[in-house]
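A short write-up of the structure that comes next.
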Number of protein chains: 2
Amino acid sequence: MRRLARLLIALPLMPVMLSEQVAAEPVNLPEPLRIGAAELRERAAADSDAYSLVRALALEVGPRLAGSDGDRAAVAWALTTLMERDFEAVRAEDVAVPRWERGSTRVELTRPYVVRLAAETLGGSIGTSEYGIEAPVVGAANIAELQAMSTDAVAGKIVYLGQRMTRSRDLSGYLETVGNRVHGAAAAAELGAVGLVLRSVATGNHRLAHTGTMRYRPNVRRIPAFALSNPDADLLEYQLAGGQPVSLRLYSTARALGPARSANVIGEIRGSQRPDEIVLLAAHLDAWDLGSGAIDNAAGVAIVIEAARLVATMGRPARTLRIVLYANEEFGLSGANDYFARHRDTLGAHVVALEADMGAAPVWRFDSRVPDSALPLVSALHEALEPLGIERGDNAAFGGADISVLRDHGVPVLQLTQDMTHYFDWHHSASDTLDKVVPDELAQAVAAWATLIYLLANMDADLGRLPVPDPAG
Amino acid sequence: MRRLARLLIALPLMPVMLSEQVAAEPVNLPEPLRIGAAELRERAAADSDAYSLVRALALEVGPRLAGSDGDRAAVAWALTTLMERDFEAVRAEDVAVPRWERGSTRVELTRPYVVRLAAETLGGSIGTSEYGIEAPVVGAANIAELQAMSTDAVAGKIVYLGQRMTRSRDLSGYLETVGNRVHGAAAAAELGAVGLVLRSVATGNHRLAHTGTMRYRPNVRRIPAFALSNPDADLLEYQLAGGQPVSLRLYSTARALGPARSANVIGEIRGSQRPDEIVLLAAHLDAWDLGSGAIDNAAGVAIVIEAARLVATMGRPARTLRIVLYANEEFGLSGANDYFARHRDTLGAHVVALEADMGAAPVWRFDSRVPDSALPLVSALHEALEPLGIERGDNAAFGGADISVLRDHGVPVLQLTQDMTHYFDWHHSASDTLDKVVPDELAQAVAAWATLIYLLANMDADLGRLPVPDPAG
């Protein structure tokens, strides 16, 4: 293999093959590290109590939409929790967050008969007038299908987008569909629509709509936007398929308020040998207002805190572990942007970033986004995770929303992909509650995290830097 | 066995064993009937379209609480549907029904922090004043535990009953728990409570409360009564377990209105040989207001209509099949009582009654309540059902709420018990919608019903009469 690699180095026209061949060069982690990782992996599940942290954040703090009273309570809880667990350099870095208030939502089918539908206003949507909006409905599967329609067909109507999210074990079903939610209102407004209603970006069959962020476009009229539960979307589609006129009435008192203060809450375990090299562990503190944010994202907060605490039980790590509990991931990545702006000068110190924002189910796949040169090292890391039943995934990891700005500025990311088969049954809905967290499953995720970050914080090897996309591109 | 039976007849002190031994005497149905039943069983699933009926009642008629506009639409739909399918003697028998209006419900935890809970007012509950009721909460598992408490502990408080319904394949989990819902408010009021809140009688983990009937007691103060979703009940219990003061605020505009008109909708296939002997097939047309009543009970309506229609495809049966689509099962059995009063003179003509009110899942057990003398005949009927994977159950069948008055006046009942494992995830909640119906599962239930009622309508044998309980007892 080594000879082949040397041969390929002489062939500058084949850079892809080159990197693949270099990647195949095996790396071994030092024996003491591998033994330490195995020890931690074996006892982590039993020694962690991540479930209690999820319970405290979900039931004692409760709903915590960015800028709300609950958000402030969450920041206070996080500071206390990190200090109680002897994290170092515990601090809150103030973050200005936009404040949006849901108010009341009411969506009714008014033709062919009157019935209230299970609906929620999308996050960031404007409200309606006090009289609401009643209009005929025109349906399309998704934005592409909508954009193929004429202004005549859409103007003055309420647009319904019906694309159903596919259930999957990773994020793929969500990523295929979520664009309708984020950009649907602007696309509909461009064709003269007066409102947008879409099938929830969700796999659940309960009668609860799933919220989430939407965005307006400059110079395009702002129209109110709503999600229907899957059963209500079925009803609307059945009526539309019948060919007779179908109307909806939309009502919402949602509104934007002035900006509010929140904070990124940070705690560290300082490195003994290379304290200026940072392994960044991310999770967001905020949660949508409808549920108590148990899976999104009390679970992630609990995972990073417990995993870091467990690593510290093995002795002070060589590198610094930095937990960042981000403000307002859900409604605009305020904390992520603030962290980037504030720590831009020390970006080079961030040797790797990982984010926990995939619920409370077990980790089943280990993905990465690292320079090709680091792939053999990732394989060596994966060996330590395999006994937990974790597959090696690919090198195209998303990483996580809060660390995406770091990733786009060169910081390699690793991703412990959790089983998301049922995550989107509850995500962003009122049903995101503690009962969806299975303690043993959460403990497996903590064990995977502890094993991996133990190695990342103690190994001599480095993952290098990711290429930075051309900002003009 | 025959000799043993004769021996036992000589032992008048052992009546139970006697009847068991007589019951063991096998009965065979005539060959042509068994062939006919097998033919129908084989083709029923493919030839029926019960799903379209469920869809029409759930999506075209929609919510249909007794006495509402939807209820009137359901009666009209049922008359049309029976006539279109060539049923005979199609008619609506007027039934006066009580009318109750849910209005708005709002339940909040107010201590230790303020958060709205997913709650519904129980059916029949009074509302609160416009200011609502705010009071400390006292918890008990169930009525028995509540009744062991002192008036001092309960007076002026809101009582919370926390018993969790057990998931089961039959009705047993429900029957163990439903008493808390029906009688909880009266039991709490007797001890001076100002309101009742209970964990929904339900197995679902979505954030939707399950409604259902409750009753007041004469001379006991009427207090408003609410159900919480399972996750909200968990939250309340966690707060109560913490030992700190816990308060709720209850608000409801529920109210009783004057009686309204509804109807039992009836259609028949007249018997060719013994038209005056009636095989009664029951299902209720009404549904709770929160969902669209797909599993409770559009499915039952579809099952009895399609099963009877399939039997007619075998030629006119010997006995008369009478479908009764009852008014207001959910909120007081108005239709059942009216039918009994109106048809009391011909009660003897009702040779057997069956009710479909167990959702849309497959039939897995065949239960009966017949005189012991008819048990061998029931075994013979069961043989025709076995190829559908249906077990023989016991002779203590409930039968169904609408036919219970007939059962209590001597009419034998048979019960095709459907798989209820998931039924109570959705029952009486907003999530009772069409997507919970799996067409192939519903078709199995129709096949079981068609097979059984074909035999009941064509066999010469008779099931006899049940003993009538002592009305003074």
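Of note:
- Only one entry in A:379, A:368 is in the same structural domain as residue A:432 (by TED's automatic domain parsing) and in a strand (DSSP E or B), namely A:368.
- Test for residue B:64: is it in a loop (DSSP other than H, G, I, E, B) and charged (D, E, K, R): yes
- Summed over the stretch A:93-104, the residues that are surrounded by 14 or more Cβ atoms within 10 Å (Cβ to Cβ) and either within 13 Å of chain B (Cβ to nearest Cβ) or modelled with pLDDT under 95 (or both) give a count of 1.
- Restricting the stretch A:243-257 to residues that are surrounded by fewer than 17 Cβ atoms within 10 Å (Cβ to Cβ) and in contact (Cβ under 8 Å) with a residue 60 or more places away in the chain, the residue that is farthest from the other protein chains (Cβ to nearest Cβ): A:256
- Screening B:298, B:225, B:307 for residues that are outside the structural domain of residue B:45 (by TED's automatic domain parsing) and crowded, with 24+ Cβ neighbours inside 10 Å leaves exactly one candidate, B:225.
- In the stretch B:227-241, the qualifying residues are those that are in contact (Cβ under 8 Å) with a residue 24 or more places away in the chain and closer than 16 Å to residue B:136 by Cβ, and the one that is farthest from the other protein chains (Cβ to nearest Cβ) is B:240.
- Taking the criterion of being within 15 Å of residue B:405 (Cα to Cα), outside any strand (DSSP E or B) and not aliphatic (A, V, I, L, M), the residues of the stretch B:345-363 that qualify are B:345, B:346, B:348.
- Among the conditions (1) more than 14 Å from every other protein chain (Cβ to nearest Cβ); (2) within 30 Å of residue B:108 (Cα to Cα), the only one that residue A:206 does not satisfy is (1).
- Here is the figure for the stretch B:412-466: residues that are within 23 Å of residue B:292 (Cβ to Cβ), among the small types (Gly, Ala, Ser), crowded, with 24+ Cβ neighbours inside 10 Å and more than 14 Å from chain A (Cβ to nearest Cβ) total 1.
- Residues that are farther than 20 Å from residue A:75 by Cβ and surrounded by 24 or more Cβ atoms within 10 Å (Cβ to Cβ), drawn from the stretch A:321-355: A:321, A:352, A:353, A:354
- Out of B:90, B:61, B:54, B:75, sole residue that is away from chain A (no Cβ under 14 Å) and touching a helix residue (DSSP H, G or I) at 6+ places or on another chain (Cβ under 8 Å): B:90
- Residue check, residue A:424 in contact (Cβ under 8 Å) with a residue 60 or more places away in the chain, in contact with a Ser or Thr (Cβ under 6 Å, 6 or more places away or on another chain) and within 30 Å of residue A:208 (Cα to Cα): yes
- Residue satisfying all of: in the stretch A:56-67; of a type in the set (A, V, I, L, M, F, W, C) and within 26 Å of residue B:241 (Cα to Cα); surrounded by the fewest Cβ atoms within 10 Å (Cβ to Cβ) among these: A:56
- Taken residue by residue, the stretch A:203-218 has at least one member that is at positive phi and under 29 Å from the mean Cα position of the chain (by Cα).
- Qualifying residue in the stretch B:134-144 (condition: in contact (Cβ under 8 Å) with a residue 12 or more places away in the chain, within 14 Å of chain A (Cβ to nearest Cβ), within 19 Å of residue B:246 (Cα to Cα) and in contact with a helix residue (DSSP H, G or I) (Cβ under 9 Å, 6 or more places away or on another chain)): no
- Residue count, the stretch B:68-87 (criterion: touching a strand residue (DSSP E or B) at 6+ places or on another chain (Cβ under 7 Å) and surrounded by 16 or more Cβ atoms within 10 Å (Cβ to Cβ)): 6
- Filter result for residue A:325 (in a helix (DSSP H, G or I), in contact with a strand residue (DSSP E or B) (Cβ under 7 Å, 6 or more places away or on another chain) and not acidic (Asp, Glu)): no
- Scanning the stretch A:192-204 finds one or more residues that are part of a loop (DSSP other than H, G, I, E, B) and modelled with pLDDT under 95.
- Which numbered condition residue B:69 misses (of (1) within 12 Å of chain A (Cβ to nearest Cβ); (2) in contact (Cβ under 8 Å) with a residue 60 or more places away in the chain): (2)
- Enumeration of residues in the stretch A:147-183 that are within 23 Å of the chain's Cα centre (by Cα), surrounded by fewer than 19 Cβ atoms within 10 Å (Cβ to Cβ) and over 16 Å from residue A:423 (Cα atoms): A:179, A:182, A:183
- Looking only at the stretch B:356-394, and only at residues there that are touching a helix residue (DSSP H, G or I) at 6+ places or on another chain (Cβ under 8 Å) and more than 25 Å from residue B:38 (Cβ to Cβ), the one that is surrounded by the most Cβ atoms within 10 Å (Cβ to Cβ): B:359
- Cβ-Cβ contacts under 6 Å between residues 6 or more apart (or on different chains), taken from a first residue in the stretch A:366-384 that is farther than 14 Å from residue A:416 by Cα to a second residue that is assigned to a helix (DSSP H, G or I) and hydroxyl-bearing (Ser, Thr, Tyr), are listed as A:372/A:19.
- When A:206, A:183 are checked against the criterion of being of a type outside the set (Gly, Ala, Ser), over 27 Å from residue B:436 (Cβ atoms) and out of contact with any strand residue (DSSP E or B) (no Cβ under 8 Å at 6 or more places or on another chain), A:183 stands alone in meeting it.
- Within the stretch B:102-128, being farther than 29 Å from residue B:333 by Cα and either of a type in the set (S, T, N, Q) or in the same structural domain as residue B:430 (by TED's automatic domain parsing) (or both) holds for one residue alone: B:110.
- In the stretch B:258-295, the residues that are of a type outside the set (A, V, I, L, M, F, W, C), touching a Phe, Trp or Tyr at 6+ places or on another chain (Cβ under 8 Å) and within 14 Å of chain A (Cβ to nearest Cβ): B:291
The values are calculated or read from the model by the stated rules, or taken from the named source; none is laboratory data. As the structure is a prediction and not an experimental result, all values here were calculated from the model. Counting neighbours? That spans all protein chains shown, and the Cβs are built from the backbone with ideal geometry, glycine included.
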